[in-house]
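Comments concern the structure below.
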Amino acid sequence: MTILMLARFMPRYFIARYFPSRYACLALAAAAIVCLSGCNDRPATVADKVSAASASVPAPPTPAAQDRSTPKPIQGTSDSGPFTTTGPLVAEQQADVAAERDGRIVNIAVEIGSRVHKGQVLAMLDDRSLRSACDSQKAKVASLQAQVREWESEQKVEEADLKRADAMLAEKIRSQEDWEHVKYKLDETVAEVARYRSDQAAAEADLKFAELQLEKSRVVAPFDGVVGRNPVRVAQEVKQGDVLFWITAEAPLRVLFTVPESSMAAFSTGASLELTTAVYPQLRQPAKILRVSPVVDPASGSVQVVGAVIHPSPLLKPGMTMQVRLTP
């Protein structure tokens, strides 16, 4: 201990002179340790104690951490109330009415919002050439029918002549050559009748085709409903297959929506639904589940459900988006 105290205050040359080299190294090392400890040898302040105490207390969790740690109720469970979703209103019958042949529109009889009946004319295509073709074909058919009747009458006469020739041949009154002449004449008439009948059938087929083309000039409604779209105008040239009108039935109305696989057990056929819309906040439209798809969509994990609207309000229109709620 005495050596350490001396080494702290003695100069190096003194230590090297009066102490051996081995003791000198130890003395110098001890002196260095003492000096270093002396530099840090100070009393702990109040700030140090406060810092140490605050470091021992854990920090409170942030709001984000609380949100992550606290489980939230899933929509459709008992924690969040009845299941709700949205879906469009659709009609059972909806169709695009397209042109069945090429032509030019000469008349449009309806407009958007017009109520139509099945078979009602919606528009007309220019049919002047087709009407003329039909008239010409009708005249051809009439001419062939007249010729068929004429040849049929001739056939009856010659059939009677052949019967008389048969009797006269049997009585040896008429020769075999004369009988053959009568027979060949009847055969020729029968062939003419067959030819004109074939021509008549072909002409009648052509007439039916012309009448069908003429009928395609009339664009008619396929069922009772209302006109939803009308993108064409008078004098517009259209091609076969071009959509001219969109017709939708007004009833019955259906609502289409999907439910997650985890909630599909609650959606059975016949279950009650309540439909609402932001357009008419006071409207509470009852409905019921009509069909539930037996297949789960693997991409979305959902099931397609079709609901039937019960006594739909006149305010409801196909295409509206409805809020759907499963009621007890």
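TRP246 fulfils the conditions (1) touching a residue at least 40 places away in the same chain (Cβ under 8 Å); (2) assigned to a loop (DSSP other than H, G, I, E, B) except for a single criterion, (2). Scanning the range 208-227 for residues that are farther than 30 Å from GLY113 by Cα, surrounded by fewer than 19 Cβ atoms within 10 Å (Cβ to Cβ) and of a type outside the set (Phe, Trp, Tyr) returns LYS208, GLU211. Inside the range 273-293, residues that are closer than 16 Å to LEU256 by Cβ and not in a strand (DSSP E or B) make up a count of 2.
Does any residue of the range 194-203 turn out to be within 30 Å of ALA133 (Cβ to Cβ), in contact (Cβ under 8 Å) with a residue 60 or more places away in the chain, in a helix (DSSP H, G or I) and not assigned by TED's automatic domain parsing to the domain that holds ARG115? Yes, because at least one residue in the range 194-203 is within 30 Å of ALA133 (Cβ to Cβ), in contact (Cβ under 8 Å) with a residue 60 or more places away in the chain, in a helix (DSSP H, G or I) and not assigned by TED's automatic domain parsing to the domain that holds ARG115.
Between GLU171, GLU154, which is of a type in the set (Asp, Glu), surrounded by 15 or more Cβ atoms within 10 Å (Cβ to Cβ) and out of contact with any strand residue (DSSP E or B) (no Cβ under 9 Å at 6 or more places or on another chain)? Residue meeting the stated conditions: GLU154. Can you work out which of the residues in the range 209-243 that are in contact with a Phe, Trp or Tyr (Cβ under 9 Å, 6 or more places away or on another chain) and in contact (Cβ under 8 Å) with a residue 24 or more places away in the chain is nearest to THR321 (Cα to Cα)? Applying the filter and picking the extreme gives GLY228. Checking the conditions here, which among VAL182, VAL259 is part of a helix (DSSP H, G or I), touching a helix residue (DSSP H, G or I) at 6+ places or on another chain (Cβ under 9 Å), on the phi < 0 side of the Ramachandran plot and not assigned by TED's automatic domain parsing to the domain that holds GLU100? Within the list VAL182, VAL259, the selection yields VAL182. For the range 287-328, the tally of residues that are surrounded by fewer than 16 Cβ atoms within 10 Å (Cβ to Cβ) and over 23 Å from the mean Cα position of the chain (by Cα) stands at 7.
Scanning the range 263-291 for residues that are farther than 14 Å from THR327 by Cβ and of a type in the set (Val, Ile, Thr) returns THR269, THR277, VAL279. Evaluate the range 305-323: report whether one residue or more is closer than 15 Å to THR84 by Cβ and at pLDDT below 90. Checked the range 305-323: no residue is closer than 15 Å to THR84 by Cβ and at pLDDT below 90.
The values are calculated or read from the model by the stated rules, or taken from the named source; none is laboratory data. Everything quoted here is computed from the prediction, not taken from an experiment. Here the Cβ is made from the backbone with ideal geometry for all residues, glycine too, and neighbour counts use every protein chain on show.
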